[in-house]
1. Calculated FRET efficiency, ALA95 and ASP23, Cβ-Cβ r, R0 35 Å, to nearest 0.05?
2. For the chain, with a Gaussian network of springs between Cα atoms less than 10 Å apart, report the residue from GLY281, GLY327, GLY175 with the top mean-square fluctuation.
3. Calculated FRET efficiency, LEU345 and ASN40, Cβ-Cβ r, R0 25 Å, to nearest 0.05?
4. What is the spin-label model distance, in nm, from ALA311 to ALA356 if the labels are put 7 Å beyond Cα along the C-beta direction?
5. Would you kindly compute the Cα radius of gyration of segment 266-377 and its largest Cα-Cα separation (Dmax), both in Å?
6. Please build a GNM for the chain, connecting alpha carbons under 10 Å apart, and tell me which residue among GLN259, GLN353, GLN286 fluctuates the most.
7. With unit charges on the beta carbon (Lys/Arg positive, Asp/Glu negative), name the residue among ALA113, VAL8, ALA48 whose Cα is farthest towards the positive pole of the charge dipole of segment 5-125.
8. Viscosity 0.692 mPa s, temperature 37 °C: what is the translational diffusion coefficient of segment 121-242 from Stokes-Einstein with a Kirkwood Rh over Cα pairs, rounded to a whole number of µm²/s?
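Just so you know, all these numbers are worked out from the coordinates, no wet-lab data involved. Just so it is clear, the model here is predicted, and its values are computed rather than measured. Counting neighbours? That spans all protein chains shown, and the Cβs are built from the backbone with ideal geometry, glycine included.
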Amino acid sequence: MMSERRWVTVLGATGSIGQSTLDVISRHPDSYRVFALAANQSVEAMQALCIKHQPRYAVMTCADAAQALRSALPEALGTEVLQGDSALAMIASHADVDVVMAAIVGAAGLPSALAAAEAGKRVLLANKEALVMAGHLFMAAVERSGAVLLPIDSEHNAIFQCLPANDRAQPEMAGVSKVLLTASGGPFRCWSSEDIALATPEQACAHPNWSMGRKISVDSASLMNKGLEFIEACWLFDLRPEQVEVVVHPQSIVHSMVQYRDGSVLAQLGNPDMRTPIAHGLAWPQRIDAGVGPLDLVAAGKLDFEAPDEARFPCLRLAREAVEQGGTSMALVNAANEIAVASFLDSAIGFAQIPAIIEQVVERVSSVEPDDLAVVKKADSDAREAALEAVARLRTSH
Ligand code: NAD
Ligand code: MG
């Protein structure tokens with residue numbers, strides 16, 4: 001039993017992870033209460049969430065959306081509507097907050113996730129891009145403040161569960177030889193390179209096992225999601241790139257594995273439903289009901305495993321090379337990918353041009369030591385600019 005009620009801030013409340021988080025919270029009203037919600041600009045969705053969860057604060061990215069939400073909410077609700085980055089940081093670090101779900105998509109989620117880490121909160125990290133961009137700074141902030149960092153990405157949550165409870169910070173000392181990061185392979189797993197090059201945004205967003213936001217869906221189709229997760233695993237669990245191996249597992253039932261020196265391999269299994277890792281992060285080290293049905297292995301029947309194909313999915317290689325190179329190269333890859341994915345979703349470029357653009361950006365923008373947040377932000381904006389130029393070059397050459 002949970003002894004006291006915990007106050008939760010949900011950053012990215014209207015998104016796929018945000019909604020799943022609020023679903024789990026609603027199942028445990030005696031244990032969790034919503035302190036604040038934040039979203040980009042979907043006023044109607046936020047209005048409904050505010051009425052249901054009655055947060056003390058609601059934060060929108062821009063002033064117009066905040067004003068629209070303010071007028072849409074009954075005054076008696078008592079929710080204060082704020083806007084912008086400083087408000088995001090405030091609700092992530094407020095003294096009354098116990099838990100912060102960091103589920104904004106992309107680099108936009110870094111400052112607020114970092115604010116939660118610096119304030120020593122229990123940080124449920126879904127926003128993998130924050131760690132990819134600024135893993136060094138993020139992990140240092142967690143260390144300094146004593147924040148409890150719980151990975152929500154299903155693979156990393158699985159790895160966390162399979163690591164030895166007392167020795168997670170030093171996996172090698174605890175006899176861990178490797179982490180096996182599973183990948184569904186995405187919707188184009190069996191497609192030829194020629195067909196992949198012609199893929200449409202709708203095809204890329206139709207994931208076989210998971211229902212997710214559009215950006216991460218495209219990342220899953222290109223395997224950049226696994227590339228970002230590869231980097232994420234290295235930061236979270238202090239692993240070298242050669243200690244992480246990607247294994248394609250199309251059923252998405254084994255969420256990842258940890259291999260030990262003595263030959264043992266521990267796995268975490270479950271239905272592909274993000275409410276499981278979210279409930280784990282909320283309640284750890286306890287366990288609560290997540291609303292997820294029991295896994296039926298007999299119905300699943302078969303669990304398949306195969307090697308990833310980096311020739312058809314070059315994004316995986318680009319991410320691995322970035323982590324091997326170190327410095328700001330991971331931030332460069334992340335930013336270039338965000339621009340390339342947005343351009344693909346706008347039908348400005350083809351699917352095969354996503355890795356081509358990232359490759360051009362890492363060739364043109366040099367990696368430096370990521371000493372502080374300003375350096376990381378500069379790398380991010382330089383890479384965005386170079387990626388936009390690459391997109392423009394591609395468009396004029398057509
Ligand atoms: P989504 O697109 O469904 O939701 C994104 C949320 O972020 C929305 O609430 C949106 O309003 C908010 N947002 C977007 N831009 C913003 C900005 N500039 N400022 C403030 N808020 C902003 O995305 P999602 O699928 O929920 O993914 C969220 C994060 O979780 C991503 O980093 C993703 O990689 C990660 N993740 C998602 C899943 C999943 O199953 N969906 C699994 C693992 C990890
Ligand atoms: Mg994942």
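1. Calculated value: 0.80.
2. GLY175
3. 0.95
4. Reported label-point gap for ALA311 and ALA356 is 2.0 nm.
5. 19.4, 52
6. GLN286
7. Projecting each Cα onto the dipole axis, the largest value belongs to VAL8.
8. It comes out at roughly 209 µm²/s.
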